[in-house]
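J.: One structure, pasted below without further comment.
The values are calculated or read from the model by the stated rules, or taken from the named source; none is laboratory data. None of the values given here were measured: they were computed from a predicted structure. When we count neighbours, we look across all protein chains shown, and the Cβ atoms used for this are built from the backbone with ideal geometry, even at glycine. Just the protein is used for accessible areas: all its heavy atoms, side chains included, with ligands, DNA and RNA removed. Shrake-Rupley method; radii C 1.70, N 1.55, O 1.52, S 1.80 Å.
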Amino acid sequence: MELSSSFASLVSDNISFSSAISPFPLQSSLKTLKLTKPTSQNLRILAVAVEPQQDLPHNSPQKLLKELAERKKVTSPKKKVPPKKFILRPPLDDKKLVDRFLKSPQLSLKSFPLLSSCLPPSRLNNADQTWIDEYLLEAKQALGYSLEPSDQLGDDNPAKHFDTLLYLAFQHPFCERNKARHVRAGHSRLCFLGQFVLELAFCEFFLQRYPRESPAPMRERVFGLIGRRNLPKWIKAASLQNLIFPFDEMDRLIRKEREPPVKSVFWALFGAIYLCFGFPEVYRVLFEVFGMDPEDKECQPKLRRQLEDVDYVSVEFEGNKLTWQDVAAYKASFILLSFHSPPEDALFVHPRLFRACVPPGMHRFRGNLWDFDSRPQVMQTLGYPLVVQDRIPEITEARNIELGLGLQLCFLHPSKYKFEHPRFCFERLEYVGQKIQDLVMAERLLMKHLDAPGHWLQEKHRRILMNKFCGRYLREKNLHRYMIYSEQVQDAYEHNRRLRNPSTTAVQQALHGLAYTVYGKPDVRRLMFEVFDFEQIQPKSV
């Protein structure tokens, strides 16, 4: 009895039997077992042990049950906890903090504050210089720039920092160099700025090229040219795909792997070009380097019912489609207007853009009831007219007359005259005002938050410029009382704020468009941050 019980326990510990019956031949081996407990006779017992079944078919029930049991044992992966040394980091003392800020390239330029704010927060290291030495000449040659190092230029030339910004533009979030903090921050800030530069550039171009079109077809044209799906085509046309995907062939990547890096580089690239060279160079790269064609079939707007436009356009637009060279050459004379006053004896800062938005027939509204009753109050609230020193007094008088007509157009709701006169409403001024408002706010945030990454600035920008806030700032100044509606719409809007408030947003953006065409970007800043207080930092009257 004692021998049998010990034998049973020994077999159960050392031998495993499988109860499953498989149609496949079993591989067996003979193992020699020895009893650990001393007995009077040394018994040698031979037993058959079955090895684990490794060659089960794919759909075998035993294999499926085994996989199911293993999956049940696996728990959800825990989140990666960073080491404590990255959590409880001692704060920098005052001396080190001051040294870090004073040595930052972002504080190195006093004459170009916007350019300085988009430089990397720390100096480039050896790994950055390696990329520059290997790839930068190829990028500059593809874009049509001089191969000489840009740091040899004078300190008063913003293009001195073009090599650094061009390097940052190509370090998209999916590449290896973007893991460095200064590279990641520099690229995201350039990308944030570049999207608004592109929108304003195309807005001004299409407003002057198609003086009779409404903004809706223009927005479709812009989306057809620089929509995310079409950007890889332009990158390939300029032979820049190898700089974005050095280890992959772009055409073989799926869309979600191809389009985000291309979009990020494309936006950041035009942010860098705008900071160093201005809008004329933006147009050259868009239409000459990338080969964009505004008459391409892929960017044409969908067919819609067009209202008959019986009114005149300015002489320079009549029967003439302006090319990008015309727009770029005309704008080149105003490249420094962001920092200086308008040129002497100029009627407007952007005269052609003003004439593209304000039709010549607006002069028929001079002396009407709104001109006498409402215009003085509107001009007083907005601080118009601004003091501009002109050698010829007639220029000042003509500018103020055109400004009054433009203000009346800003408050002219489409319900009043649009069906008979399609351009006698605020739509075109609203379009340019929306784009210049976005760019001015982006520049403000970049210069105000030097250490903020681009995605944080993007969310801050979106929250400040929400449509409901833009209309509210106009209503706080009681300017919505001077809007001109048709009688039918006036009755519908009188007690319905859901219908009325979007139109006040449009008027507020149209005012920014008018300010940009007449007085330039500085006046847009004045309206946004002094008159309407977009940032809501001024004290409120009790």
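J.: What's the magnitude of the charge dipole for region 416-479 around its Cα centre, counting Lys and Arg as +1 and Asp and Glu as -1 at the beta-carbon? Answer in Debye, nearest 20.
T.: Dipole magnitude for region 416-479 comes out near 260 debye.
J.: Here's something else I'd like to know. Within the set of other residues whose C-beta is less than 15 Å from the C-beta of Ala159, count the net charge using Lys and Arg as +1 and Asp and Glu as -1.
T.: The answer is -3.
J.: If I take R0 = 51 Å and measure r between the Cβ atoms of Gln129 and Glu487 in this structure, what FRET efficiency does the formula 1/(1 + (r/R0)^6) give, to the nearest 0.05? Could you put the intermediate results ahead of the total?
T.: Details: r = 69 Å, r/R0 = 1.36.
Rounded to the nearest 0.05, the efficiency is 0.15.
J.: What percent does the relative contact order of region 101-165 come to when contacts are Cα pairs within less than 8 Å and at least six residues apart?
T.: Answer for region 101-165 is 23 percent.
J.: Using alpha-carbon pairs under 8 Å, 6+ residues apart, how would you state the relative contact order of region 429-542 in percent? Provide the component values of the computation, followed by the final result.
T.: Values: 94 pairs, mean separation 50.7, N = 114.
Worked out over region 429-542, it gives 44 percent.
J.: Positive end of the dipole of region 136-253, charges at C-beta (+1 Lys, Arg; -1 Asp, Glu), about the Cα centre: which of Ser146, Met250, Leu190 has its Cα farthest in that direction?
T.: Comparing the listed Cα positions along the dipole, Met250 ranks first.
J.: Calculate the length of the line joining the C-alpha centroid of region 483-542 to that of region 264-300, in whole Å.
T.: Each part's Cα centre sits 31 Å from the other's.
J.: Now for a different question. So for Asp438, Asp533, Asp293, what's the accessible-area order with a 1.4 Å probe, most first? Display every interim value, and only then the final one.
T.: On the way: Asp438 30, Asp533 5, Asp293 75 Å².
Greatest to least solvent exposure: Asp293, Asp438, Asp533.
J.: Let me ask something else about it. Based only on Cα atoms, what Rg/Rh ratio does region 409-542 have, Rh being taken as Kirkwood's radius?
T.: Reported Rg/Rh, Kirkwood definition of Rh: 1.01.
J.: Using a 1.4 Å probe, how large is the accessible area of Leu450, given in Å² and rounded to the nearest 10?
T.: 60
J.: Can I ask one more? Could you list, in their original order, any pairs among Lys160/Lys331; Lys95/Lys448; Lys256/Lys321; Lys236/Lys297 whose Cα atoms are separated by more than 28 Å?
T.: In this structure, Lys256/Lys321 exceed 28 Å between Cα atoms.
J.: Glu476: accessible area at probe 1.4 Å, nearest 10 Å²?
T.: For Glu476, solvent-accessible area is about 100 Å².
J.: Take Ile392, project a point 7 Å from its Cα along the Cβ direction, then tell me which residues of region 348-370 have their backbone nitrogen under 13 Å from it.
T.: Of the residues in region 348-370, 348 have backbone N under 13 Å from the label point off Ile392.
J.: Keeping all protein chains in position, work out how much accessible area Tyr485 exposes to a 1.4 Å probe, and write it in Å² to the nearest 10.
T.: Roll a 1.4 Å probe over it and Tyr485 shows about 30 Å².
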